[in-house]
Amino acid sequence: MSNAKAISTEFPFESKYVEVEGSKLHYIEEGEGTPILFLHGNPTSSYLWRNVIPPVSKRARCIALDLIGMGKSDKPDIEYRFFDHVKYVEGAIEALGLENLILVVHDWGSALGFHYAHRNESNVRGIAFMEAILMSVPTWDAFPADARQIFQAFRTSDVGWDLIAKQNAFVEKVLPGSVHRDLTEAEMDAYRAPYPDEQSRKPLWRWPNEIPIEGEPADVAEAVGEYNAWLQETELPMILFHGAPGALIPPPVVGWVGENLKNVDTVDIGPAIHFLQEDNPRAIGNGIVGWLERI
């Protein structure tokens, strides 16, 4: 694939740390100007954004955070529930003094970003999102069919822990299976590095158990319901990057976004499943730059 040649495996960024709740959160920072906070999801890290940031950092101050327990951030002995992550992400925003910020969000990073934005709209200038958690899943029948069985297994207590914590299935199977191209061994090693053993994978195990499906977990379902309603009311500028076939945002959901969000651009990046940043990072980076000029 010609596009794959443009995708670097390198991560040429200086590691920085910010202390929140007594733990160190790792982040990288490039560029100056408007702060843009990049938030990843499961099972990735700031490494996911390595090829998206370079064009954007010519126009803005790009900060990519590693969520608590993920990437190079500390792994305190906590439950790693959604609201634990909320505390650390919002603590980092405060500690870094990020004002009038742009959010660039993916997967669980989108839920964290949307939850923050709907409660702190005056501090957010815009949101770029991709493969995002836009709404709760009403029934298992509405869950993507090809992923339903494995995610039901992930949410079965002993089976899920065995698959994710012992066998590292989220990194070894779900991640490469959700990228259109083949990830290189160097890329896989970068994603494996934060999770060398069973206990280090607890955050990866917790995330699938937090997806609001059939109203459970109730607190997460409530938060997602609240920000879903807000997304349909706010005038905040947004941009959706989507690929085909997609996973969380397949074509019907792209249609829903266009019909229900008031101030949203949509960009088709071509063939991609869930980790769009690994298939066409250039389209995302350049798309963000163009969008920034318009807002």
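The values are calculated or read from the model by the stated rules, or taken from the named source; none is laboratory data. Just so you know, these numbers come straight off a predicted model, no measurement behind them. Note that each Cβ is placed from the backbone with ideal geometry, even for glycine, and that neighbours are counted across all protein chains shown.
Can you tell me how many residues within region 261-286 are of a type outside the set (A, V, I, L, M, F, W, C) and either over 22 Å from LEU39 (Cβ atoms) or in contact with a strand residue (DSSP E or B) (Cβ under 6 Å, 6 or more places away or on another chain) (or both)?
Kept after step one, since they are of a type outside the set (A, V, I, L, M, F, W, C), are these residues of region 261-286: 262-263, 265-266, 268, 270-271, 274, 277-282, 285-286.
If we keep only those that are either over 22 Å from LEU39 (Cβ atoms) or in contact with a strand residue (DSSP E or B) (Cβ under 6 Å, 6 or more places away or on another chain) (or both) too, we end up with 262, 265-266, 268, 270-271, 274, 279-280.
Residues meeting the conditions: 9.
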The condition from (1) in contact (Cβ under 8 Å) with a residue 12 or more places away in the chain; (2) touching a helix residue (DSSP H, G or I) at 6+ places or on another chain (Cβ under 6 Å); (3) more than 20 Å from VAL124 (Cα to Cα) that ARG59 misses is numbered (3)
Any chance LEU292 is buried (at least 20 other Cβ atoms within 10 Å of the Cβ), at pLDDT 95 or above and in a strand (DSSP E or B):
no
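Answer yes or no: is there a residue in region 78-89 that is closer than 22 Å to ASP189 by Cα and either acidic (Asp, Glu) or crowded, with 17+ Cβ neighbours inside 10 Å (or both).
no
Could you pull out the residue among PHE151, PHE129 that is out of contact with any strand residue (DSSP E or B) (no Cβ under 7 Å at 6 or more places or on another chain) and aromatic (Phe, Trp, Tyr)? Before you say what the answer is, go through the steps one by one.
Values: PHE129 fails: out of contact with any strand residue (DSSP E or B) (no Cβ under 7 Å at 6 or more places or on another chain).
Residue meeting the stated conditions: PHE151.
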### Query
Do we have any residue at all in region 91-102 that's in contact with a His (Cβ under 9 Å, 6 or more places away or on another chain) and either hydrophobic (A, V, I, L, M, F, W, C) or surrounded by fewer than 19 Cβ atoms within 10 Å (Cβ to Cβ) (or both)?
no
When restricted to ILE239, ILE211, the only residue of a type in the set (A, V, I, L, M), buried (at least 16 other Cβ atoms within 10 Å of the Cβ) and either touching a Pro at 6+ places or on another chain (Cβ under 8 Å) or closer than 24 Å to SER122 by Cα (or both) is ILE239
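For every residue, the table says whether it meets (1) touching an Asp or Glu at 6+ places or on another chain (Cβ under 8 Å); (2) basic (Lys, Arg); (3) modelled with pLDDT of 95 or more; (4) surrounded by fewer than 17 Cβ atoms within 10 Å (Cβ to Cβ).
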{"site": "ARG148", "(1), (2), (3), (4)": "no, yes, no, yes"}
{"site": "GLY160", "(1), (2), (3), (4)": "no, no, yes, no"}
{"site": "VAL174", "(1), (2), (3), (4)": "no, no, yes, no"}
{"site": "TYR195", "(1), (2), (3), (4)": "no, no, yes, no"}
{"site": "TRP207", "(1), (2), (3), (4)": "no, no, yes, no"}
{"site": "ASP219", "(1), (2), (3), (4)": "no, no, yes, yes"}
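The rows are residues; the columns are (1) touching a helix residue (DSSP H, G or I) at 6+ places or on another chain (Cβ under 8 Å); (2) in a helix (DSSP H, G or I); (3) surrounded by 19 or more Cβ atoms within 10 Å (Cβ to Cβ); (4) modelled with pLDDT of 95 or more.
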| site | (1), (2), (3), (4) |
| --- | --- |
| VAL254 | no, yes, no, yes |
| GLU259 | no, yes, no, yes |
| THR266 | yes, no, no, yes |
| HIS274 | no, no, yes, yes |
| GLN277 | yes, yes, yes, yes |
| ARG282 | yes, yes, no, yes |
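Quick grid of which residues meet (1) at pLDDT below 95; (2) within 22 Å of ILE295 (Cα to Cα); (3) surrounded by fewer than 24 Cβ atoms within 10 Å (Cβ to Cβ):
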{"position": "GLU29", "(1), (2), (3)": "no, no, yes"}
{"position": "LEU39", "(1), (2), (3)": "no, yes, no"}
{"position": "ALA64", "(1), (2), (3)": "no, yes, no"}
{"position": "GLY71", "(1), (2), (3)": "no, no, no"}
{"position": "ALA111", "(1), (2), (3)": "no, no, no"}
In region 74-105, anything free of Cβ contacts under 8 Å to residues at least 60 places away in the same chain and within 27 Å of GLU121 (Cβ to Cβ) is listed as ASP84, HIS85, VAL86, VAL89, GLU90, ILE93, GLU94, GLY97
Filtering strands (runs of 3 or more DSSP E) wholly in region 1-100 for at least 2 residues that are touching a Gly at 6+ places or on another chain (Cβ under 6 Å) gives 61-65
Original post:
Is it true that GLN199 is touching a helix residue (DSSP H, G or I) at 6+ places or on another chain (Cβ under 8 Å), closer than 30 Å to PHE11 by Cβ and not aliphatic (A, V, I, L, M)?
Top reply: yes
Within region 113-148, residues being closer than 24 Å to ASN286 by Cα, of a type outside the set (Asp, Glu) and touching a helix residue (DSSP H, G or I) at 6+ places or on another chain (Cβ under 7 Å) number 9
